[in-house]
Amino acid sequence: MSAVHVSTNINGDDVEFVCRPDESLLDVLRDRLGMTGSKEGCGTGDCGACSVELDGRLVCSCLVMGAEVGGHKIETIEGMAQGDKLHPLQQKFLEHAALQCGICTPGFLVAARNLLERNNDPTETEVRYWLAGNLCRCTGYDKIVRAVLDTAKDMRKAAAKSSAKKASAKKPAAKKKAAPKKTAKKGARHAA
Amino acid sequence: MPLDANTPDLRTEFKSVGTRPNRPDGVDKVTGRARFGADFALPGQLTGLILRSPHAHAKIKSIDTSAAEALPGVKAVITYKDIPEQEGCDKDVLVNIMARGTALYDGHAVAAVAAVDASVARKALKLIKVDYKVLKHVTDVDEAMKPDAPVLHPGRFEPVDFSTLENAAHVSGKEERKTATRAHSNIAGRYVFGHGDPDKGFKQADIIVEHEFKTEATHQGYIEPHACTASVSSDGMAELWVCTQGPFMVRDVCASLLGMDVSRLRVTPSEIGGGFGGKTTVFIEPVALALSRKAGKPVKVVMSRSEVFRATGPTSSASMWVKIGAKKDGTFVAADAVLKYQGGAFPGSPVEMGAMCAFACYDLKNVRIVGYDVVTNRPKQAAYRAPGAPMSAFAVEGVIGEIADKLGIDAIDIRLKNAAKEGTVSSYGPTFGPVGLVETLEAAKAHKNYKVKLGKNQGRGVASGFWFNFAGNTCVSINLNVDGTLALALGTVDIGGSRASMCLMAAEELGISYEDVRAIIADTSSLGYNDISEGSRVTFSSGLATIKAVRDLKVKMCGRAAKIWGIPEDAVKWENGAAHPAGSNAGNFPPLSIKEIAAQASATGGPLAGHYEINAEGAGPSFATHVCDVEVDPDTGAMKVLRYLVVQDAGKAIHPSYVEGQFQGGAVQGIGWVLNEEYFYGKDGTLQNAGFLDYRIPVCSDVPMIDTVIVEVPNPGHPYGVRGVGETSIVPPLACVANAVSDAIGVRARTLPMSPPKVLAALEGVAASKA
């Protein structure tokens, strides 16, 4: 079984690797590239601990073959914080104690970010169904759902603030508080 | 010693304790940087894989490894012959990690390979030829107790003559009771607890309810599969990196199984991706060491999810009978139970603890519990959160629910009437000290959830639960750094935020900021022996040892201040992060802060560190009361948990968020147990659902928010009043949900899980009986 040469982009960086045809993207990330933030809980797409984004789409990296990611864009947990600045979801997970053992946390964060980039005003039910592909055995999900809802609230506030700023720049008499938008702006990274 | 003045036996005023700071290991865990078991790698490491029995019970006639050994890239193949029996080792553990002559369950390890990569290792496994002779098997606990059942361990357990024993009718059918003729048995142990005279007690009862109950085996379901990396050098020195709840246990057991001096094996625990009791024993660790020893290279072994289900330690399935008699006013007059738990292929099911917990919530004058430990062709059970207690509580609390309904008494009131309190002689022997069951019942009754009006097909359930909590061997060191910050070395693996709790307690005791204390989990060569992180013991025991180690350090720091000031040591006291003269007679010196003392440590006598070692006792039990509302769909039998409330006694919540987290997590595991989860065996004795698709643990959309109330009845055994909280939360949910279903649709569930087809069949049965 000869190895396959693959050129791809991970967290904004161009990456090249070789892998056997029987290796999953998760195997490649963990064993070839040393990116062990994505976890293998089942290897069958049932637990979500290996969640990554592939061209903006939430996937289980254990169900994607390493050899098929050439030319695509991959986002993993390692790319979530910008330098020393945590993503708002990461910060809220800490504040809400939304992790106990922490093994499922990278997968939940990647999945939750994918939700909030589509919809920054989800209902509790929407959050629960979106995250139903990610298993957590420690928390009973309560604090995870609260952390996601709280992040969404902050994102809406920030969005309202920035749109109010823009509006006031054009028209100084604009209302201080703009109504929160129902639909999220798509993340620039996934605009394509 | 003036320290005593500001360190009372039971502290009640706190600055740091009870706050909710971010955990010290938090950033690593939200950024993917934290290293769990499978995240560790060594240069030149090999991949280890294990060949497992496809049969539930089979004689292993021969194993031919020659073809596998000849495959290029294979560096070692081992069977039981490579792990010869050592004097004094635990034979059951030895046999469990690698079959010796007989495969005792589907998934039992038979051989193992180490190869240059996973692809080669997988090929090598296929080349190992095992000649099996399939034997008759038994996986059900009641079947395993019958006289004609296949015997797992011929010659090991004596036959039992039930005719001479209490409640024989509930142990087996009439015909079996009479016969004690066969040579051997699968009954590995029998336990009896209780006091008074239940037979007399039942004569005073106005109402007696008795039923049989069955629960299926469930798995802890930690998301991180077992993983380890072993490196054995040619001089016999070895290192092991592993996800475990007990690195010292792993070291001692592996050394014993492999015939090594304990000092030659250093075990470093990784971050642990959940355990719940399932990582309190060894499975792959001695195998990885044996492979590494043979190959002369590091070997990494990671279980697949299927292996986790088939070959680690789920909890017992249980078959139970419970009988309770009560007066019209709800007072219990007698209680009786027979519990039969199968614990897999080896003795050690948690039936003894199940028996001790069964009636522990209640003040009973006449009570008896008989428990049977039974072996079957299933993987050897391991601890699962309050091992043994959820099953017996399911039966007992179900009967109590029925008595309350029949007498027309409120479900909380009947429990309040009979609740165990300080001074109650427990059903398992000891007399309770201060305990908080009554407080949990009262808080549950006062909670808004208990007043919500229910709609059609909706029902409410109540159940209480108990867990002992353990303490045990604990050793802690705290080192003062040159800048006045502290390094706290703990030997109890952090499963759910315990480092944060330890830092809070150390900061509290020193009167300094939480951020100035950094806790690590030490390896086995860096700290004295610590028992496993189990039995809800960590925050209690390591907390106690942390506080005492800090007190040791404070005495030493006061000594340095005395030296600097030139006054006697006992004329110095510690307050708010600094040494002070104890009184006006001691002299008038400005306080010396911890930073100042640290800076002068070298000049005043050398490094400063505090230590404490103890075999701790005094872990106070934790009681809980749960209230649950469900809605059942009468057309499908599916149910939805609408509301769920956990009220539990924490003694003192050090970090309330992680206390709530334990309450919520345990409750949802319990909800999974009652609704979906079960080990499903085929006719051939093989596990049919060894994956998360078919073994369905609750997902986010299955459950509501889990409401919590933390009750604090201080435990006098801990300087801050702490009780362990990790386990009690899984005890009440099975009965709590079942009682709610009964309230909703009038169907009493006595076998778990209450999957939709079972509920639907029961509903149809009710409809038919009414027609």
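Every number here is computed from the coordinates shown, using simple stated rules; none is lab data. Everything numeric in this text was worked out from a predicted model, so none of it was measured. Note: ideal-geometry Cβ built from the backbone for every residue, glycine included; neighbour counts use all protein chains shown.
Report the semi-axes of the equivalent ellipsoid for chain B in whole Å, largest first, where each axis is √(5λ) for an eigenvalue λ of the Cα gyration tensor. Please list the in-between numbers first.
Numbers: eigenvalues 379, 290, 101 Å².
The equivalent ellipsoid of chain B has semi-axes of 44, 38, 22 Å.
FRET efficiency for B:ASP92 and B:LEU10, Cβ-Cβ distance as r, R0 = 25 Å, nearest 0.05?
Numbers: r = 42 Å, r/R0 = 1.68.
The calculated FRET efficiency here is 0.05.
Mind checking which of A:SER2, A:SER162, A:GLY140 is farthest towards the positive end of chain A's charge dipole, using Cβ charges of +1 (Lys, Arg) and -1 (Asp, Glu) about the Cα centre?
Towards the positive end, the residue furthest out is A:SER162.
With the cut-off at 13 Å, report for the stretch B:684-740 the share of all Cα pairs above it, as a whole percent. Walk me through the numbers on the way to the answer.
Values: 1261 of 1596 pairs.
So the pairs more than 13 Å apart make up 79 percent of the total in the stretch B:684-740.
Determine which residues of the stretch B:192-224 fall in the zone a paramagnetic label at B:VAL425 would reach in this model, i.e. backbone nitrogen under 18 Å from the point 7 Å along Cα→Cβ.
Those under the cut-off are B:192-202.
Using unit Cβ charges (K, R positive; D, E negative) and no other charged atoms, how large, in debye to the nearest 20, is the dipole of the stretch A:4-79 about its Cα centre?
The calculation lands at about 80 debye.
Enter the Cα centre distance for the pair the stretch B:601-675 and the stretch B:245-292, rounded to the nearest angstrom.
27 Å
Neighbouring Cβ atoms within 10 Å as the yardstick, rank B:THR492, B:THR139 fewest first.
So the ranking, lowest neighbour count to highest, is B:THR139, B:THR492.
So for A:TRP130, B:TRP467, B:TRP241, fewest C-beta neighbours within 10 Å to most, what's the order? Don't skip to the answer; put the middle values down first.
Working: A:TRP130 21, B:TRP467 32, B:TRP241 25.
The fewest-first ordering by Cβ neighbours comes to A:TRP130, B:TRP241, B:TRP467.
For the ranges B:679-688, B:95-104, B:355-364, what's the packing order if you count other beta-carbon atoms within 10 Å of each residue, average per peptide, and put the highest first?
Numbers: B:679-688: 17.0, B:95-104: 21.6, B:355-364: 27.4.
Order by mean packing, descending: B:355-364, B:95-104, B:679-688.
Could you tally the net charge around B:ARG23, taking each other residue with its Cβ under 11 Å from the Cβ of B:ARG23, Lys/Arg +1 and Asp/Glu -1? Display every interim value, and only then the final one.
Details: positive: B:ARG20, B:LYS29, B:ARG499; negative: A:GLU95, B:ASP25, B:ASP28, B:ASP494.
So the surrounding residues net to -1.
What are the semi-axes of the equivalent ellipsoid for the protein assembly as shown, taken as the square roots of 5 times the Cα gyration tensor eigenvalues, largest first, in whole Å? Could you put the intermediate results ahead of the total?
Details: eigenvalues 342, 281, 225 Å².
Working from the Cα gyration tensor, I get semi-axes of 41, 37, 34 Å.
For chain A, with equal point scatterers placed on the C-alpha atoms only and solvent neglected, what are the log10 I(q)/I(0) values from the Debye formula at q = 0.09, 0.12 1/Å, to two decimals?
-0.37, -0.63
Filter the GluC sites (Glu not before Pro) in the stretch B:377-456 to those in DSSP coil with at most 12 other Cβ atoms within 10 Å of their Cβ, and list the result. Let's see the in-between values first.
Details: sites: B:GLU397, B:GLU402, B:GLU422, B:GLU439, B:GLU442; in loops: B:GLU422.
Loop-located and lightly packed - B:GLU422.
Using helices alone, what [θ] at 222 nm do you get for the protein assembly as shown, with -39,500 (n - 2.57) per DSSP H run of 4 or more residues, divided over all residues and rounded to the nearest 500? Walk me through the numbers before you get to the answer.
Numbers: 26 runs with 274 residues, N = 963.
Calculated from helices alone, the mean residue ellipticity at 222 nm is -8500 deg cm²/dmol.
Please get the size of the charge dipole for the protein assembly as shown, origin at its Cα centre, with Cβ charges of +1 on Lys and Arg and -1 on Asp and Glu, quoted in debye to the nearest 20. Please report the intermediate quantities before stating the final value.
Working: 110 positive and 107 negative charges, 499 e Å.
That gives the protein assembly as shown a dipole magnitude of about 2400 debye.
Under a crude label model (7 Å from the Cα following the beta-carbon direction), how far is A:TYR129 from A:GLU16 in nanometres?
Those two pseudo-labels are separated by 4.5 nm.
Based on a Kirkwood Rh over C-alpha pairs, give the Stokes-Einstein translational diffusion coefficient of the stretch B:234-304 at 25 °C and viscosity 0.890 mPa s in µm²/s. All intermediate terms of the calculation are to be shown ahead of the outcome.
Working: Rh = 12.4 Å.
It diffuses with D of about 199 µm²/s by this estimate.
Over all residues in B:297-304, what is the mean tally of Cβ atoms on other chains that come within 10 Å of each residue's Cβ? Let's see the in-between values first.
Working: counts 0, 0, 0, 1, 0, 1, 0, 4.
Taking all residues of B:297-304 together, the mean is 1.
Enumerate the calculated ³J(HN,Hα) couplings along the stretch B:475-485 in order (Karplus 6.51 cos²θ - 1.76 cosθ + 1.60, θ = phi - 60°), each rounded to whole Hz, writing x wherever the residue is Gly or Pro.
Karplus-based 3J(HN,Hα) across the stretch B:475-485 equals 9, 9, 10, 10, 10, 8, 7, 4, 9, x, 7 Hz.
Take each uninterrupted DSSP H stretch in chain B, measure its Cα extent along the helix axis, and return the ones at 20 Å or beyond whose mean Kyte-Doolittle hydropathy is at least -1.0. Before the final figure, lay out the partial values.
On the way: long enough: B:389-407 (26 Å, 0.82); B:543-565 (32 Å, 0.27); B:656-675 (28 Å, 0.25); B:756-770 (21 Å, 0.50).
What comes out of the filter, once short or polar helices are dropped, is B:389-407, B:543-565, B:656-675, B:756-770.
Within 10 Å of each Cβ in peptide A:31-44, how many partner chain Cβ atoms are there on average? Round it to a whole number, please. List each step's numbers first, then the result.
Details: counts 6, 0, 0, 2, 1, 9, 7, 1, 8, 8, 10, 9, 6, 6.
Mean partner shielding for this stretch: 5.
For a Förster distance of 60 Å, can you work out the FRET efficiency between the beta-carbons of B:MET705 and B:ASP261, rounded to the nearest 0.05? Spell out each step's value before the answer.
Working: r = 52 Å, r/R0 = 0.87.
After rounding to 0.05, the efficiency reads 0.70.
Scaled to the compact-protein estimate 2.2 N^0.38 Å, what is the alpha-carbon radius of gyration of the stretch B:200-241, rounded to two decimal places?
On the way: Rg = 26.4 Å, N = 42, 2.2 N^0.38 = 9.1 Å.
With N residues counted in the stretch B:200-241, Rg over 2.2 N^0.38 Å equals 2.90.
Relative to the present Cα-Cα distance, how much length would full extension add between B:LYS136 and B:ALA603 at 0.36 nm per residue of separation? Don't skip to the end; give the middle numbers.
Details: separation 467, 0.36 × 467 = 168.12 nm, distance 7.47 nm.
Length difference between fully extended and current span is 160.6 nm.
For the pair B:LYS453 and B:ALA41, how long in nm is the line joining their label points, each one 7 Å along Cα→Cβ?
6.3 nm
With the Cα gyration tensor of the stretch B:606-753 in hand, convert its eigenvalues to equivalent ellipsoid semi-axes via √(5λ) and list them largest first in whole Å.
Values: eigenvalues 259, 84, 36 Å².
So the equivalent ellipsoid measures 36, 20, 13 Å along its semi-axes.
If the convex hull of the alpha-carbon atoms of the stretch B:511-643 is projected onto planes in all directions, what is the mean projected area in square nanometres?
Values: hull surface 56.9 nm².
In nm², the orientation-averaged hull projection of the stretch B:511-643 is 14.2.
Give me the net charge for the shell around B:PRO753: Cβ to Cβ below 14 angstrom, other residues only, Lys and Arg +1, Asp and Glu -1.
On the way: positive: B:LYS214, B:ARG696, B:ARG750, B:LYS758; negative: B:GLU216, B:GLU677, B:GLU678, B:ASP694, B:ASP702.
Net charge in that neighbourhood comes out at -1.
Please state the relative contact order of chain B as a whole percent: Cα pairs under 8 Å, 6+ residues apart? Kindly include the intermediate steps, with their values, before the conclusion.
Working: 1994 pairs, mean separation 120.2, N = 771.
16 percent.
Going through the stretch B:536-645, which GluC sites (Glu not before Pro) have at most 13 other Cβ atoms within 10 Å and a DSSP loop state?
Values: sites: B:GLU569, B:GLU575, B:GLU596, B:GLU613, B:GLU617, B:GLU631; in loops: B:GLU617.
Filter output for the stretch B:536-645: B:GLU617.
Show me, for the stretch B:325-340, the HN-Hα J-couplings you get by feeding each phi into the Karplus relation (A = 6.51, B = -1.76, C = 1.60, θ = phi - 60°), rounded to Hz, glycine and proline as x.
So the J values, rounded to whole Hz, are x, 9, 7, 4, 7, x, 5, 6, 10, 7, 8, 8, 8, 10, 10, 10.
Tell me, what is the Rg over Rh of the stretch A:4-79, with Rh the Kirkwood radius over Cα pairs? All intermediate terms of the calculation are to be shown ahead of the outcome.
Working: Rg = 10.8 Å, Rh = 11.9 Å.
That ratio equals 0.91.
Per the Kirkwood definition applied to all pairs of different Cα atoms, how many angstroms is the hydrodynamic radius of the stretch B:573-662?
Numbers: mean 1/r = 0.0511 Å⁻¹.
For the stretch B:573-662, the Kirkwood estimate is 19.6 Å.
By counting other Cβ atoms within 10 Å of each Cβ, how are B:HIS226, B:HIS170 ranked from fewest to most? Could you put the intermediate results ahead of the total?
Working: B:HIS226 25, B:HIS170 20.
With the fewest neighbours first, B:HIS226, B:HIS170 line up as B:HIS170, B:HIS226.
Using the Cα centre of chain B as origin and beta-carbon charges of +1 (Lys, Arg) and -1 (Asp, Glu), tell me which of B:THR474, B:GLY672, B:VAL647 is placed farthest towards the positive end of the dipole.
B:GLY672
Multiply the residue separation of B:ARG190 and B:LEU71 by 0.36 nm, subtract the distance between their alpha-carbon atoms, and state the gained length in nm to one decimal. Mind dumping the intermediate values first?
On the way: separation 119, 0.36 × 119 = 42.84 nm, distance 4.99 nm.
Net length gain for the segment: 37.9 nm.
What FRET efficiency, computed as 1/(1 + (r/R0)^6) with R0 = 41 Å and r the Cβ-Cβ distance, is obtained for B:ASP635 and B:GLU210, rounded to the nearest 0.05? Please report the intermediate quantities before stating the final value.
Numbers: r = 33 Å, r/R0 = 0.79.
E between B:ASP635 and B:GLU210, to the nearest 0.05, is 0.80.
Report for chain B the percent antiparallel among DSSP-assigned beta bridges with both residues inside it, nearest 5.
On the way: 94 of 123 bridges.
Of the beta bridges lying entirely in chain B, close to 75 percent run antiparallel.
In whole percent, what relative contact order does the stretch A:4-79 give with Cα contacts below 8 Å and a gap of six or more residues? Before the final figure, lay out each step's value.
Details: 155 pairs, mean separation 29.8, N = 76.
With pairs under 8 Å counted, the relative contact order is 39 percent.
How crowded by other chains is A:22-30, given as the mean number of beta carbons from other chains within 10 Å of each beta carbon? Intermediate values should be presented prior to the final figure.
On the way: counts 3, 3, 0, 0, 0, 1, 0, 0, 3.
Mean number of neighbouring Cβ atoms from other chains: 1.
Pairs of Cα atoms under 8 Å, at least six residues apart: use those to get the relative contact order of chain A, whole percent. Walk me through the numbers before you get to the answer.
Numbers: 327 pairs, mean separation 37.2, N = 192.
In percent, rounded to a whole number, it is 19.
Compare the Cα positions of A:VAL110, B:ALA124, B:VAL30 along the charge dipole of the protein assembly as shown (+1 at Cβ of Lys, Arg; -1 at Cβ of Asp, Glu; about the Cα centre) and return the one farthest towards the positive end.
The residue sitting most towards the positive pole is A:VAL110.
So what's the net charge close to B:SER525: Lys and Arg +1, Asp and Glu -1, counting the other residues with Cβ under 15 Å from its Cβ?
Values: positive: B:ARG251, B:ARG264, B:ARG266; negative: B:GLU239, B:ASP252, B:ASP261, B:ASP523.
Charge balance near B:SER525 sits at -1.
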